[in-house]
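Contents: one structure, followed by commentary.
The values are calculated or read from the model by the stated rules, or taken from the named source; none is laboratory data. It should be emphasised that the depicted structure is a prediction, and the values quoted were computed from it without experimental measurement. Note: ideal-geometry Cβ built from the backbone for every residue, glycine included; neighbour counts use all protein chains shown.
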Ligand SMILES: Nc1ncnc2c1ncn2[C@@H]1O[C@H](COP(=O)(O)OP(=O)(O)OP(=O)(O)O)[C@@H](O)[C@H]1O
Ligand code: SF4
Ligand SMILES: [Mg+2]
């Protein structure tokens, strides 16, 4: 069994929505259950992925797990200690130990700062005052992320999308973190550049024993990088397992739908019967009763409307469905 680096226990994040943004007159209006009772373990040195449609709560979960967002309820343990009960010193160490890579490096990098200062900023913030020492570390970070050190005086707009993401990765690595949240880190890139960045992330993981929480709506990317995949639907985990198990034999109807929605290269299975999803993603403000997927699920029965299926573990698989596909 792997050592657990970070674990969430019954984590919830509910957002209060102001009445001016509301269209519904329902009694539950005003609360988005973006993360609703999620329990998971992230093993050290591995990649755990969160996958699901836009708005299902992936980013909220990722940010709550590294304390960028306050939870509504629940606990997060880092190396076995509750991160919400850290003292100032523990909090500072945690800030160094976790970092995040964003989807759009252009939006997350200050356009008026040179690359050297962008990558050096976390070092300065965490007390590396001596310029020489900082610049040496920046040069090292540029080298390990495949950036030429002679570009250190350039500005973000002078780089391509892929290079900008390397800058984002160098920044995220600056303080020798153990956990990096990659939030749609390659989603804005062309497929060929995506592969380069994913390979870089894998190489860095091997070299520095990094743990990744990899967030993506793209199943083909998730399949390539993950040790374990968690499928989210409207704030909840509906299925989890290794990519091999999930792709070969999805147990939850929603996972089956996601897999069927991925374009298939192999012509022998291209014409297989596809499950057609009916209806749009329901509102997160007023989700369906019982199983949240029931309004789109072809297998739904009465029990699905009346009771919310619990996430159960069977061997290496986890799923939450009254009529699992097995
Ligand atoms: N600050 C906020 N205030 C209110 N609601 C929010 C806030 N942030 C997110 N939400 C809502 O919470 C839900 C989950 O959003 P989140 O951004 O976590 O989803 P996501 O899976 O990351 O989506 P995407 O794939 O589009 O990035 C959505 O319904 C979203 O509208
Ligand atoms: S619990 Fe029912 S509605 Fe939900 S996914 Fe399973 S079969 Fe479909
Ligand atoms: Mg997101």
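Table for the structure above
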item: Long-range neighbours under 6 Å by Cβ, at least six apart or interchain, first residue touching a residue at least 40 places away in the same chain (Cβ under 8 Å) within the range 34-62, second away from ligand 1 (no atom under 15 Å from the Cβ) and part of a loop (DSSP other than H, G, I, E, B); result: 43/2; 44/3; 45/209; 46/227; 47/226; 47/227; 49/226
item: Any helices (runs of 4 or more DSSP H) falling wholly within the range 33-130 and containing at least 1 residues that are within 16 Å of ligand 1 (Cβ to nearest atom) and at pLDDT below 95; result: 105-108
item: 1 or more residues under 19 Å from residue 122 (Cβ atoms) and touching a residue at least 60 places away in the same chain (Cβ under 8 Å): qualifying strands (runs of 3 or more DSSP E) within the range 150-253; result: 179-183, 211-216
item: Residue that is nearest to ligand 1 (Cβ to nearest atom) [pool: residues in the range 157-174 that are touching a strand residue (DSSP E or B) at 6+ places or on another chain (Cβ under 7 Å) and over 16 Å from residue 221 (Cβ atoms)]; result: 168
item: Boolean, residue 47 is in contact with a helix residue (DSSP H, G or I) (Cβ under 7 Å, 6 or more places away or on another chain) and either under 19 Å from residue 178 (Cα atoms) or surrounded by fewer than 16 Cβ atoms within 10 Å (Cβ to Cβ) (or both); result: yes
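To keep it simple, each residue is scored yes or no on (1) modelled with pLDDT of 95 or more; (2) crowded, with 17+ Cβ neighbours inside 10 Å; (3) within 11 Å of ligand 2 (Cβ to nearest atom).
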residue	(1), (2), (3)
276	no, no, no
284	no, yes, no
293	yes, yes, yes
301	yes, no, yes
304	yes, yes, yes
312	yes, no, no
